[in-house]
Amino acid sequence: MSAIIDLQNVTVSRQEHELLREVTLSLEAGDFAYLTGPVGSGKSSLLELLYGELAPKGGVAKVLDYNLHRMSVRQRQALRRSLGIVFQSQAQLLYNYTVQGNLDFVLRAVGVKKREQRAIRIEEALKQVGMEGKHYKYPHELSGGEAERICIARALVVRPRLILLDEPTTGLDSETSLLIGQLIQSLAKEGVAVLMS
């Protein structure tokens, strides 16, 4: 079975600025890896490369068997639909939708047509993040930690093989950060590849 992430000697640039040089990274199912470094060191840029926002230069660059060097718009969209992505900001939640509506929106966007299937997946994802019974709440009614768990549930609901998390505990207290970290670690134990900055 091929690696979930396979980068070999890849350079990442934004316009004329070289952000990362000769990156090599391999992640298999169930691997849990951290990206660390100071602000501006390229952590978010590497994640952007992995979900097809930035183009690689040189080397080998594959994610979920998609060749990042030769991606059509359709392939990029397909790659993103098969990933779980949690961004730095909780602004990824749709504030005029309930928790249920947010998760349902994602499932409809990735093509899950049957309402019953969507309801089952939503219930599973909320249970995984310890938010069962909160489906009726709106984002503004959630604490920071609860909102972050819903962002993770949005990533989980598509049943991804790879989850990318861009500083998911920024702005949270230490206790909530620990709980989020334990939750993310449990995902890797279930066979999901996890890369967290």
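The values are calculated or read from the model by the stated rules, or taken from the named source; none is laboratory data. Being a predicted model, the structure only gives us computed values, none of them experimental. Cβ placement follows ideal geometry from the backbone for every residue including glycine, while neighbour counts extend to all protein chains displayed. Just so you know, the surface numbers come from the protein's heavy atoms only, side chains and all, with ligands and any DNA or RNA stripped out. Shrake-Rupley method; radii C 1.70, N 1.55, O 1.52, S 1.80 Å.
Values as computed for the structure displayed
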{"item": "Of Arg154, Arg121, Arg70, the one that fluctuates the most in a GNM where the chain has Cα springs shorter than 10 Å", "result": "Arg70"}
{"item": "Two-decimal Rg to Rh for the chain - Kirkwood Rh, Cα set", "result": "0.97"}
{"item": "Probe 1.4 Å, accessible area per residue of the chain, Å²", "result": "53 Å²"}
{"item": "Portion, in percent, of the accessible area of segment 63-197 that falls on carbon or sulfur, probe 1.4 Å", "result": "49 percent"}
{"item": "Segment 133-174: C-alpha gyration tensor shape, a/c 1.5 cut-off, then a/b vs b/c", "result": "oblate"}
{"item": "Asp104 accessible area, assembled protein chains, probe 1.4 Å, Å²", "result": "30 Å²"}
{"item": "Estimated 222 nm signal from helices in the chain, with DSSP H stretches of n ≥ 4 weighted -39500 (n - 2.57), rounded to 500", "result": "-11000 deg cm²/dmol"}
{"item": "Choice from Leu83, Leu179, Leu156 showing the highest fluctuation, given a GNM over the chain with Cα pairs closer than 10 Å", "result": "Leu179"}
{"item": "Unit charges at the beta carbon, dipole of the chain: most positive-side option, Gln75, Leu164, Leu19", "result": "Gln75"}
{"item": "For Met196, solvent-accessible area (1.4 Å; no DNA, RNA or ligand), Å²", "result": "20 Å²"}
{"item": "Amide hydrogen neighbours beyond the local backbone of Val23, cut-off 5 Å, H modeled", "result": "Asn9, Val10, Thr11"}
{"item": "For segment 134-141, 3J(HN,Hα) per residue [Karplus equation, 6.51 cos²θ - 1.76 cosθ + 1.60, θ = phi - 60°, Hz, x = Gly/Pro]", "result": "10, 4, 7, 7, 9, x, 5, 8"}
{"item": "Sequence-distant residues sharing a close amide H with Arg14 (under 5 Å, placed H)", "result": "Leu19"}
{"item": "Of Gly37, Gly171, Gly144, the one that fluctuates the most in a GNM where the chain has Cα springs shorter than 10 Å", "result": "Gly37"}
{"item": "The chain: DSSP helices with Cα axial extent of at least 15 Å and average Kyte-Doolittle hydropathy no lower than -1.0", "result": "99-109, 144-156, 174-189"}
{"item": "Charged-residue dipole, Cβ positions (Lys, Arg, Asp, Glu), the chain about Cα centre, Debye nearest 20", "result": "900 debye"}
{"item": "Cα-centred dipole magnitude for segment 79-187, charges only on beta-carbon of K, R (+1) and D, E (-1), debye, nearest 20", "result": "780 debye"}
{"item": "Area accessible to solvent at Tyr97, 1.4 Å probe radius, in Å²", "result": "80 Å²"}
{"item": "Size of charge dipole - segment 94-144 - debye, nearest 20, with Cβ of Lys, Arg +1 and Asp, Glu -1, no other charges", "result": "220 debye"}
